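*Asks:* Can you keep this structure in mind? I'll have questions shortly.
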Amino acid sequence: MNDFKKNRNLIWELSKNDFKKRYAGSSLGRVWAFVQPVVTVVLYFIVFGLIIHSRGPYESEVPYVLYLTAGLVPWFFLNEAVTTGANAMNEYNYLVKKVVFKVGILPFIKTVSATFIHIFFIFVLLVMYFAYGFKPSFQILQLFYYSFCLFMLVLAITYTTSAVTVFFKDLLQIINILLQIGMWGTPILWEITVVPERFRPFFRFNPIFYVIEGYRSSLFEGTWVHERWLDTLVFWGIVLVLFGIGAYVFKKLRPLFADVL
């Protein structure tokens, strides 16, 4: 924690540079960071909203494209941050080799960098929300809480993956496969009501589902955070365990980073 406080200006500058350099050299530059998610939302809406005619639990009040976007926005952040964060040590190997550099801030930098795009898409989501005639309620403020949950979840995962990837680069491919499975295994494009009721409690052990349901509840006047107290306890329990694993793995492997890279 002290590393983050002492290096907060460095973290901010490196996070901005990380975001900028990702699309350096291309004609449209940073525009590409926003094009792909928008195209993805449009394609999913055409397939599931217009062709298959999927609907959410708020189908009588909420347009499916809005319901869909509310679920995809947090997923896009998870996908982007976990994918890029896992490669943080390899990408910044020149910094890792510097004795005085605090390599523990690199996963944090990658997560902050992905947050820039996430903020933009929250803004887009809210524009859609108001364009469809919805009026803000106090529940919409819960987006701040669920965004924080999402940030901490990604950061907890990234500390383990960024350390292990230094020694096992195939992990990047495994992560991509797991994210594809997670995309279809999480009720984002489909509604959890299709799952037999006796199996639904198992979904509370999927932390991203907690966040996605939170985004939708915040916008469409679903449940308050305190009403989901059991899901909240499970979520933060999982995040704490992931942080514990990440801290242990990162601490054990950090002395070997420079030798391998």
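Any read-out appearing in this document is the output of simple, stated calculations on the displayed coordinates, not a laboratory observation. As the structure is a computational prediction, the values presented were derived from the model and not from experiment. Every residue, glycine as well, gets a Cβ built from its backbone with ideal geometry; the counts of neighbours run over all protein chains shown.
*Asks:* May I ask for the percentage of alpha-carbon pairs in the chain that lie more than 34 Å from each other? Walk me through the numbers before you get to the answer.
*Replies:* On the way: 6918 of 33930 pairs.
Value for the chain: 20 percent of Cα pairs lie more than 34 Å apart.
*Asks:* Please tell me the relative contact order of the chain in percent, rounded to the nearest whole number, where contacts are Cα pairs under 8 Å and at least six residues apart. Walk me through the intermediate numbers first.
*Replies:* On the way: 248 pairs, mean separation 69.5, N = 261.
The normalised contact order for the chain reaches 27 percent.
*Asks:* Which aspartates and glutamates, on any chain, are close to LYS251 with Cα under 17 Å apart, when same-chain ones fewer than 8 places away are left out?
*Replies:* ASP3, ASP259
*Asks:* Mind checking the dipole of segment 2-260: about its Cα centre, +1 per Lys or Arg Cβ, -1 per Asp or Glu Cβ, Debye to the nearest 20?
*Replies:* Details: 23 positive and 15 negative charges, 208 e Å.
Charge dipole, segment 2-260, about its Cα centre: 1000 debye, nearest 20.
*Asks:* Further question on the same structure: Give me a comma-separated list of calculated 3J(HN,Hα) values for segment 100-107, in order, Karplus coefficients 6.51, -1.76, 1.60 applied at θ = phi - 60°, integers in Hz, x for any Gly or Pro.
*Replies:* 7, 7, 7, 5, x, 8, 5, x
*Asks:* Expressed in nm to one decimal, what extension gain is obtained for the pair VAL194 and LYS21 from 0.36 nm per residue of sequence separation less their Cα-Cα distance? Please list the in-between numbers first.
*Replies:* Details: separation 173, 0.36 × 173 = 62.28 nm, distance 4.28 nm.
Taking 0.36 nm per residue and subtracting the Cα distance, the gain is 58.0 nm.
*Asks:* Each residue of segment 168-185 in order: what ³J(HN,Hα) in whole Hz does its phi give by Karplus 6.51 cos²θ - 1.76 cosθ + 1.60, θ = phi - 60°, with x for Gly and Pro?
*Replies:* 9, 5, 5, 4, 4, 6, 5, 4, 4, 5, 5, 5, 5, 5, x, 4, 8, x
*Asks:* As a quick test, which of the pairs LYS21/LYS97; LYS16/LYS135; LYS21/LYS252; LYS20/LYS252 have an alpha carbon distance above 24 angstrom in this structure?
*Replies:* Details: LYS21/LYS97 21 Å; LYS16/LYS135 33 Å; LYS21/LYS252 30 Å; LYS20/LYS252 32 Å.
Distance filter (> 24 Å) returns LYS16/LYS135; LYS21/LYS252; LYS20/LYS252.
*Asks:* Moving on. Considering segment 138-237, what Rg and Dmax in Å follow from its alpha-carbon atoms?
*Replies:* 15.2, 47
*Asks:* I need VAL65, VAL39, VAL154 ordered by Cβ neighbour count within 10 Å, fewest first.
*Replies:* Working: VAL65 18, VAL39 10, VAL154 27.
Lowest to highest Cβ neighbour count: VAL39, VAL65, VAL154.
*Asks:* Using 0.36 nm per residue, how much length does the chain from PHE138 to LEU126 gain when fully extended, once their Cα-Cα distance is taken away?
*Replies:* Details: separation 12, 0.36 × 12 = 4.32 nm, distance 1.41 nm.
Answer, rounded to one decimal: 2.9 nm.
*Asks:* Give the residue from MET128, LEU95, TYR67 lying farthest towards the positive end of the charge dipole for the chain; charges sit on Cβ (+1 for Lys and Arg, -1 for Asp and Glu) and the dipole is referred to the Cα centre.
*Replies:* Going by the Cα projections, it comes out as LEU95.
*Asks:* Tell me what the chain gives for mean residue ellipticity at 222 nm when only DSSP H runs of n ≥ 4 count, each as -39,500 (n - 2.57), the sum divided by the residue total, rounded to 500 deg cm²/dmol. Mind dumping the intermediate values first?
*Replies:* Working: 12 runs with 169 residues, N = 261.
Dividing the helical sum by the residues of the chain leaves -21000 deg cm²/dmol.
*Asks:* Still on this structure, I have one more. What angle do you read, to the nearest 10 degrees and between 0 and 90, between the alpha-carbon axis of helix 142-165 and the longest principal axis of the chain?
*Replies:* 40
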